[in-house]
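Working notes, structure below.
The values are calculated or read from the model by the stated rules, or taken from the named source; none is laboratory data. These numbers come from a predicted model, not from an experiment. FYI the Cβ positions are ideal-geometry reconstructions off the backbone, even for glycines, and counts take in every protein chain you see. Surface accessibility is based on the protein's heavy atoms, side chains included, excluding ligands, DNA and RNA. Shrake-Rupley method; radii C 1.70, N 1.55, O 1.52, S 1.80 Å.
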Amino acid sequence: VEESPVPQTLSSLLPSSPSYRGLTLVLTFLSYTSYHLSRKPISIVKSQLHLNCSALGPNPHNDSNSTTWCSWAPFDGDNYKELFGALDNAFLVAYAIGMFISGIFGERLPLRYYLSGGMVLSGLFTALFGLGYFWDIHVLWYFIIVQVCNGLVQTTGWPAVVACVGNWFGKGKRGLIMGIWNSHTSVGNILGSLIAGAWVSSAWGLSFVVPGIIIAVVGVICFFFLVEYPEDVDCNPPLHHVMTISEKDPEAVISNEGPLSLSGQSSVDHSKSPKEPAEEPEAISFFGALRIPGVVEFSLCLLFAKLVSYTFLYWLPLYIVNVAHFGAKEAGDLSTLFDVGGILGGIFAGLISDYTGGRATTCCVMLVVAAPMLFLYNHVGQNGIGVSVAMLIICGALVNGPYALITTAVSADLGTHESLKGNAKALSTVTAIIDGTGSVGAALGPLLAGLISPTGWNNVFYMLIAADVLACLLLARVVVKEARGWCGPMARQRGYVAA
């Protein structure tokens, strides 16, 4: 590797392409870990904002018999559940709306600047929520506005990190690599819970300020060390598709002109590099990204898959308390097994889809199996701790596996589709469209569960099963294309693949 043409990046000190790829994985992993770490405190602090103060003794300020004198106004009233719901939806709705435009900006701005700036702003708004404790703020609109702003700036993260990883890793092993890499979500949730829990009872403001500082610091580190493209440091793009069309992967033939998986011929001809100033392509438009085959189908599929995943995220502990009659702490600990299953499911989905070349088929099969497993968990999942542990891990793997695959490897595949003719400026936009659509489901799922749960938990699970079935149906056309791609060499040459 020659001397880096981007001297402002301290990463130029690294000696080889594998070192840069490892650095990219580590930095993007830490980046999105810190994003999730900064989102988690609100779920931990809710219990402190509205307490049953009778356990603390009489009100030291007066002789009233109020049981909420130690709660934090305005969350000390009987409508505190609605107010907490408003906080959650303020973030989720802003995130869903902002995601659709975030990728467009990401394609037109240097990813390193865009990601680092977004992380610093995310740290600022996360800390501002906690500073409400130290500034003694009791106005609901302050917390709502901070949540909306935080939801908007946090949309900078996902399109940027997926684009960076996609730029360095070709399609051949992208599913497995991204499946392992995607564990940052669960790692961030766990670390966020531990950090927020350390101060929740003493000074809950620090439960937000400390994660805010962490994500801002990681953002500064990314600014100095993250490398967006292999060409920026005179490294060759990844060569994962040096194979003939008769080889196993039916997706190999579509990538000869792509920037992420060049053939042996295109790797020699560097004049076609998308980083050459003379041939710098224009960033793809929103509607241009929608016309890429598979984007609409996978986006709608993710809407229902993420609906199921986020319903479990927000409601699983309460379900375990109500149905299995565990304590709140035990239910919280047990619910983390769903995230453990999600890590395993993401790795499994990536590995299988790499081997078969069928991203959509892998997602569809896992969603089909998930539907009856959700039914079984609701009816027999609480018959003993052993059964509950096993069912939670299995359901977590089947629900989060397709979700992880679509938001990582599939998004990167579609962002480098053959129809782009080597244009590298589509990864962020495509990723933002897919995850933005999924975020609509993330906002709808917990809301629907809250409306349906008073009628019985069975109805909540029927809603989740229906969402899984709809997600499968929306992928039917892409699954048929993949099946045709496996039927013979001629179909493979025509590029019948998921992306």
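For this structure, a couple of remarks:
- Over the range 300-357, equivalent-ellipsoid semi-axes from the Cα gyration tensor in Å: 28, 14, 6
- Burial ranking of peptide ranges 196-205, 157-166 (average Cβ count within 10 Å, highest at the top): 157-166, 196-205
- Across all Cα atoms of the range 83-212, the radius of gyration (one decimal) and Dmax (whole number) stand at 16.5, 54 Å.
- Cβ crowding within 10 Å averaged over residues, with 209-221, 32-44 ranked highest first: 32-44, 209-221
- All C-alpha to C-alpha distances of the range 152-192, sorted into 10 Å bins beginning at zero, yield P(r) values of 25, 50, 24, 2 percent in whole numbers.
- Estimated FRET transfer efficiency when R0 is 45 angstrom, pair residue 47-residue 487 (beta carbons, to 0.05): 0.20
- Residues of the range 96-182: accessible area per residue with a 1.4 Å probe, Å²: 34
- Computed over every Cα-Cα pair of the range 139-227 and binned at 5 Å starting from 0, the pair-distance distribution P(r) comes out as 3, 10, 14, 21, 21, 14, 9, 5, 2, 1, 0 percent.
- The fraction of accessible area contributed by carbon and sulfur in the range 158-230 is 81 percent, rounded to a whole number (1.4 Å probe; ligands and nucleic acids excluded).
- Computed E for residue 138/residue 369 - FRET, C-beta separation, R0 56 angstrom, nearest 0.05: 0.70
- Among the listed pairs 46/306; 81/306; 46/81, those with a Cα-Cα distance over 21 Å are 46/306; 81/306.
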